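The values are calculated or read from the model by the stated rules, or taken from the named source; none is laboratory data. These numbers come from a predicted model, not from an experiment. Methodologically, a virtual Cβ is constructed for each residue, glycine included, from the backbone with ideal geometry; neighbour enumeration extends over all protein chains shown. What goes into the accessible areas is simple: the full protein's heavy atoms, side chains included, and nothing from ligands, DNA or RNA. Shrake-Rupley method; radii C 1.70, N 1.55, O 1.52, S 1.80 Å.
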Amino acid sequence: MAYYETSRAPGRHFLQIPGPTNVPDRVLRAMDNPTMDHRGPDFGRLGLEILANLRRVFQTEGPVVIYPASGTGAWEAALTNTLSPGDAVLMCRTGWFASLWQEMAVRLQLVPQFIDTDWRRGADVDAIGAALAKDTAHRIKAVCVVHNETSTGCTSRIDEVRAAMDAARHPALLLVDTISSLASIDYRHDAWGVDVTVAGSQKGLMLPPGLSFNAVSAKALKAAESAKLPRSYWDWRPMLAANETGYFPYTPGTNLLYGLDAAVKMLLEEGLVNVFARHDRHAEATRRAVRAWGLEVQCADPRHYSSSLTAVRVPEGHSADRLRAVILEKYNMSLGNGLGQLKDRVFRIGHLGDLSDLQLIGTLGGIEMGLRAAGVPHRAGGAQAAIDYLAGNA
Ligand SMILES: *Cc1c(COP(=O)(O)O)cnc(C)c1O
């Protein structure tokens, strides 16, 4: 049985997990073109156009590397291109994804120094500043932060992280994971002095999984000249050399690149400022629904609220996974599960990517009906609170 035959429910499935996200028809149609010769004369033009437009999405003038890999590959590329075995790295463990990146760093023979949080807020900027100020010998070679922690719905303030690094006059590189924030939440690679930005295709970029990215600063390129971690597939140098003419050193994900071309054009046509405002507005409507239900948002600091997803705590003694199962069964909607220490404690509402007001209201309506069906204590009126907010803020 093919994957699309498994669901007998009428209407469209609601894919409201925080990635992969809904892929717009225009992107699907773009990918539905014959695969072309990736070394032929037409390909270079397409490659150059995509690379130029992509820089605007990262808000950088510098190079952006595209890998045919999930986001995890771009994590590895960021570390192996810039660091050497035994290097100390300062990592902010803000949630599940930050912890996975840190585990990768250990496997790559880096020596992470942690700054932990309670998974209810973004990175602790004061603690970063203090750790760097103490490191007078400059043993710490990189600071790693996940911009938007997809497991908790908390967004770290990268501008403030940069300011803390500058105040400490510390030369460490700044490596930032934007896999669930790029093209959803304002993010400025150049203005914030980020050295490597890690991103993926399947979240704000509205594509299927399969592509990931590194935006690279001049300082990171310099670090790559002396970095000693073994790297081959992930090496920026052959990639950047081939990209000069719009080509790739190995077979690129040709049809995913057609989709990327379409997705980036859609984002630029809407205007990044409008894309960010749309996400902010949907996030605020979602939080109003959660509060009206009498439930609690996982993020405890309003300055760190995420505009790409909202993690919602279920009342003590109730199962978030059972609620999600009921909603899938009765209403044909997928919501994100709780990860790590939040397993079964939260469900996550993805409101990033290609999403309209009506899709969001459908999502919140489905959750409200699901809360009722699953017997989770709540007040009615969450979806109405979101309608009131959206209708008043057209
Ligand atoms: C989804 C995600 C990842 C993992 O990316 P994959 O594409 O699954 O490898 C890493 N970090 C963050 C913040 C994410 O949201």
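What the table shows:
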read-out: The chain - charge dipole about Cα centre, Lys and Arg +1 at Cβ, Asp and Glu -1, debye rounded to 20; value: 500
read-out: D42 versus K228: modelled label distance in nm, points set 7 Å from Cα along the beta carbon direction; value: 4.9
read-out: Estimated distance in nm for a label pair at A191 and Q384, the labels positioned 7 Å out from Cα along Cα-to-Cβ; value: 4.0
read-out: L229 long-range amide H proximity, modeled H, under 5 Å; value: L83, S84
read-out: Built amide H within the under 5 Å cut-off of A88, gap 5+; value: V111, K141
read-out: Relative packing of 235-243, 345-353, which averages over residues the other C-beta atoms within 10 Å, highest first; value: 345-353, 235-243
read-out: Listed residues Y67, Y250, Y305, most fluctuating in the chain (Gaussian network, C-alpha, under 10 Å); value: Y250
read-out: Anisotropy class of segment 1-153 from Cα gyration tensor, a/c 1.5 cut; value: oblate
read-out: Per-residue HN-Hα couplings for segment 21-34 [Karplus 6.51, -1.76, 1.60; θ = phi - 60°; Hz; x = Gly/Pro]; value: 10, 5, 9, x, 4, 4, 6, 4, 5, 5, 6, 7, 10, x
read-out: Among G246, L355, G294 the positive-end extreme of the charge dipole of the chain (Cβ point charges); value: G294
read-out: Length added when fully stretched, T251-A300, from 0.36 nm per residue minus Cα-Cα; value: 13.2 nm
read-out: Relative packing of 124-134, 24-34, which averages over residues the other C-beta atoms within 10 Å, highest first; value: 124-134, 24-34
read-out: 30 Å Cα-Cα threshold exceeded, pairs from K203/K330; K219/K343; K134/K228; K203/K343; K134/K219; value: K219/K343
read-out: Two-site label geometry, R322 and E103: point separation in nm, points 7 Å out along Cα→Cβ; value: 2.8
read-out: CD proxy at 222 nm, helix term only [per DSSP H run n ≥ 4: -39500 (n - 2.57); per residue of the chain; nearest 500]; value: -13000 deg cm²/dmol
read-out: Segment 247-394: Cα Rg divided by the 2.2 N^0.38 Å rule of thumb; value: 1.18
read-out: Cα-based shape type of segment 82-169, given that a ≥ b ≥ c are square roots of the gyration tensor eigenvalues and the cut on a/c is 1.5; value: oblate
read-out: Derived scalar couplings ³J(HN,Hα) [segment 177-189; Karplus, 6.51 cos²θ - 1.76 cosθ + 1.60; whole Hz; x for Gly, Pro]; value: 8, 10, 4, 10, 10, 4, 6, 10, 10, 3, 8, 10, 4
read-out: Charge sum, other residues only, whose C-beta stays under 12 Å from D135's C-beta, Lys/Arg counted +1 and Asp/Glu -1; value: +4
read-out: Built amide H within the under 5 Å cut-off of C154, gap 5+; value: E149
read-out: Carbon/sulfur fraction of accessible area - segment 25-268, other protein chains in place, 1.4 Å, %; value: 54
read-out: Cα gyration tensor category, rounded, prolate or oblate, for the chain with a/c compared to 1.5; value: oblate
read-out: Probe 1.4 Å, protein heavy atoms only - accessible area per residue of segment 25-268 in square angstrom; value: 38
